[in-house]
Amino acid sequence: MKFKPAKKQFMFGELSGPEGAAFVILPVPYERTVSYGKGTGRGPGAIIDASWQLELWDEELKTETCRRGIFTAAPVNCALPEGKFFPHLEKTVEGLLSSTKALPFFIGGEHSVTQALLPPFIRRHKDLSILHFDAHADLRVSYHGNRRSHACAVYPASRTNRVVQVGIRSVGHDEKQFHNAGNVITHLMHENLDLKKLERQVLRELTDTVYLTIDVDGFDPSVMPGTGTPQPGGFGWYEALRLFKAVCAAKKVVGVDVVETAPVKGSNVSELTAAKLVYRLMGYLA
């Protein structure tokens, strides 16, 4: 499958194609089921725009990670009806994984897209586990009658694969039966404020091969104000980076999505933070 380059690349990225790049970004500006604040559909474009304000030299890692090659593909067509969009996205991800060895990053868009992002990875990696960074459990079977809701983002994968949840500060009455049950390990934020201990637990609970799904509302709103369903009391910037760095060092991370950035009018904080997060994670995985 041939992937066209986006009109604007993440951090002055490669225009030739994903074949020679270390990382490939697929923007997924899907917004259909948001239930509070809106704007996630503008997230991918805003994050890419903000990435041009980042320094190439990473001050923590003391290197220019972008020199490894970053290719940004044209955004996925999100105008399709829901019934066609999710199979289309899954097929697109399958094609991406088949056509390049570059490590994929998916930029959303609302969290529901993770339902279509995960199946190709699950088919490829028998021992895949999912690290789910979020304020919400996202374990509903359906929400407002929709199984493709952002509130159901990790439920399908949890039926077959280990899901380790961190940052959770909101669990609905209809999903509480699924947290800390079956394949799901849920670390409620208020019960896990010893973050060094949490890090050790998470590393024990994950398998050797990991997919990382990051809903930016896992961060405290002081770090990430631009998101549709904020909750107080989330991860600080350095607290989250410490956990991500440990996972990237100890495990084989095969895919990453960063979702639910909703730009705030008159502020660039959230998209800049999300862009720096993507770049820092690339550095951890380089």
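Would you mind checking which residues have amide H under 5 Å from Val24's amide H? H placed 1.01 Å from N; only 5 or more apart, or other chain.
It is Phe71, Leu103, Phe105, by chain and number.
With point charges of +1 on the Cβ of Lys and Arg and -1 on the Cβ of Asp and Glu, referenced to the Cα centre of the chain, which listed residue (Leu117, Ala240, Val216) lies farthest in the positive direction of the dipole?
Leu117
Give the residue list of GluC sites (Glu not before Pro) in segment 1-70 that are DSSP loop and have at most 13 other beta-carbon atoms within 10 angstrom.
The qualifying sites are Glu55, Glu59, Glu60, Glu64.
Karplus couplings for segment 11-24 from phi (6.51 cos²θ - 1.76 cosθ + 1.60, θ = phi - 60°), rounded to Hz, Gly and Pro as x?
6, 6, x, 6, 9, 6, x, x, 4, x, 8, 7, 9, 10
How high is the relative contact order of segment 23-285, given as a whole-number percent (alpha carbon pairs under 8 Å, six or more residues apart)?
Relative CO of segment 23-285 lands at 25 percent.
Assign one of three labels to the chain, namely rounded, prolate or oblate, based on the Cα gyration tensor with a ≥ b ≥ c the square roots of its eigenvalues; rounded applies when a/c is under 1.5, prolate when it is not and a/b is larger than b/c, and oblate otherwise.
In terms of gyration-tensor shape, rounded.
Please list, ordered by chain and number, the residues whose modelled amide H lies under 5 Å from the amide H of Asp58; skip anything fewer than 5 residues away on the same chain.
Long-range HN contacts for Asp58: Thr63, Glu64, Thr65.
Could you derive backbone 3J(HN,Hα) for segment 75-84 from the dihedral phi with the Karplus parameters 6.51, -1.76 and 1.60 (θ = phi - 60°), listing whole Hz in sequence and x where the residue is Gly or Pro?
Those phi angles translate into x, 5, 5, 9, 8, 5, x, 3, x, 9 Hz.
Would you mind checking the pairs Lys7/Lys265; Lys252/Lys276; Lys101/Lys265; Lys91/Lys196; Lys38/Lys197; Lys2/Lys62 and listing those with alpha carbons more than 29 angstrom apart?
From Lys7/Lys265; Lys252/Lys276; Lys101/Lys265; Lys91/Lys196; Lys38/Lys197; Lys2/Lys62, over 29 Å: Lys101/Lys265; Lys91/Lys196; Lys38/Lys197; Lys2/Lys62.
What are the chymotrypsin sites (Phe, Trp or Tyr not before Pro) within segment 1-80 that DSSP puts in a loop, where the Cβ has at most 10 other Cβ atoms within 10 Å?
Sites meeting the loop and neighbour criteria: Tyr36.
With runs of 4+ DSSP H residues as the only contributors, calculate the mean residue ellipticity of the chain at 222 nm using -39,500 (n - 2.57) per run, divided by the residue total and rounded to the nearest 500.
Mean residue ellipticity at 222 nm (helix-derived): -9000 deg cm²/dmol.
Readers should treat all values here as calculations from the given coordinates under stated rules, not as data from a laboratory. Just so we're clear, the structure is a prediction, and the values are computed from it rather than from any experiment. No Cβ is skipped: glycine too gets one built from the backbone with ideal geometry, and neighbour counts run over all protein chains shown.
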